[in-house]
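J.: Next up is a structure, given as structure tokens.
The values are calculated or read from the model by the stated rules, or taken from the named source; none is laboratory data. Nothing here was measured: the structure is a model prediction, and the numbers come from that model. Glycine gets a Cβ as well: all are built from the backbone with ideal geometry, and neighbour counts include every protein chain shown. The accessibility values were calculated without ligands, DNA or RNA, using every heavy atom of the protein model including side chains. Shrake-Rupley method; radii C 1.70, N 1.55, O 1.52, S 1.80 Å.
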Amino acid sequence: MNVYQCCDKVRELYSLIGSGDQGYIPKAIGCALKALNDVAGDETLPDDVRDKAAFAAANLLISDFED
């Protein structure tokens, strides 16, 4: 996946981070994992959204990432 395949909200933040107007987080995988975990644990969201987030988080944990 590249930035052009992402939604408008992701592309907007990508542009802001790239320009220095928004903070960059060097430990980005850990940041993504935390965000996915927050979504998966939010019982106010629909189950299909939570399931997608949980699946992505679990795959990141199983992968070889080190943050």
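J.: Which whole-number percent gives the relative contact order of the chain, counting Cα pairs below 8 Å spaced six or more residues apart?
T.: 24 percent
J.: Let me ask you something else. Output ³J(HN,Hα) for segment 18-32: one whole-Hz value per residue in order, computed from phi by the Karplus curve 6.51 cos²θ - 1.76 cosθ + 1.60 with θ = phi - 60°, and x for Gly and Pro.
T.: For segment 18-32, the Karplus-derived couplings read x, 7, x, 6, 10, x, 9, 10, x, 8, 5, 5, x, 5, 5 Hz, x marking Gly and Pro.
J.: DSSP loop chymotrypsin sites (Phe, Trp or Tyr not before Pro) in the chain with at most 16 other Cβ atoms within 10 Å of their Cβ, which ones?
T.: 24, 65
J.: On to the next question. Stretch residue 58-residue 16 to full length: gain in nm at 0.36 nm per residue minus the Cα-Cα span?
T.: 12.3 nm
J.: Taking the chain as the reference, fit the longest principal axis to its C-alpha atoms, fit the long axis of helix 47-62 to the helix C-alpha atoms, and give the angle between the two in degrees, 0 to 90, nearest 10.
T.: Long axis of 47-62 versus the principal axis of the chain: about 80 degrees.
J.: So what is the 222 nm mean residue ellipticity for the chain from helices alone, if each DSSP H run of at least 4 adds -39500 (n - 2.57) and you divide by all residues, rounding to the nearest 500 deg cm²/dmol? Working shown, then result.
T.: Working: 3 runs with 42 residues, N = 67.
One gets -20000 deg cm²/dmol as the mean residue ellipticity at 222 nm.
J.: Using a 1.4 Å probe on the protein heavy atoms, what percent of the accessible area of the chain belongs to carbon and sulfur?
T.: Details: 3190 of 5550 Å².
C and S atoms contribute 58 percent here.
J.: Here is a further query. Around residue 42, what is the net charge, scoring Lys/Arg as +1 and Asp/Glu as -1 over all other residues with Cβ under 14 Å from its Cβ?
T.: On the way: positive: 34, 50, 52; negative: 38, 43, 47, 48, 51.
Net local charge, residue 42 excluded: -2.
J.: Could you compute how fast the chain diffuses translationally, taking Rh as the Kirkwood radius over C-alpha pairs and applying Stokes-Einstein at 10 °C with viscosity 1.306 mPa s? Give it in µm² per second.
T.: Details: Rh = 13.3 Å.
Once the numbers are plugged in, D ends up at 119 µm²/s.
J.: In addition: Could you report the accessible area of residue 16 in Å², rounded to 10, computed with a 1.4 Å probe on the protein chains as they sit in the structure?
T.: Rounded to the nearest 10, that gives 60 Å².
J.: Within segment 7-67, report the GluC sites (Glu not before Pro) that DSSP leaves as loop and that have at most 12 other Cβ atoms within 10 Å.
T.: When the GluC sites (Glu not before Pro) of segment 7-67 are filtered for loop state and at most 12 Cβ neighbours within 10 Å, 43, 66 remain.
J.: Given a 1.4 Å probe, how much area per residue of the chain is accessible, in Å²?
T.: Result: 83 Å² of accessible area for each residue.
J.: Just want the answer: with Cβ charges of +1 for Lys and Arg and -1 for Asp and Glu, which residue in 3, 45, 29 is farthest toward the dipole's positive end in the chain?
T.: 3
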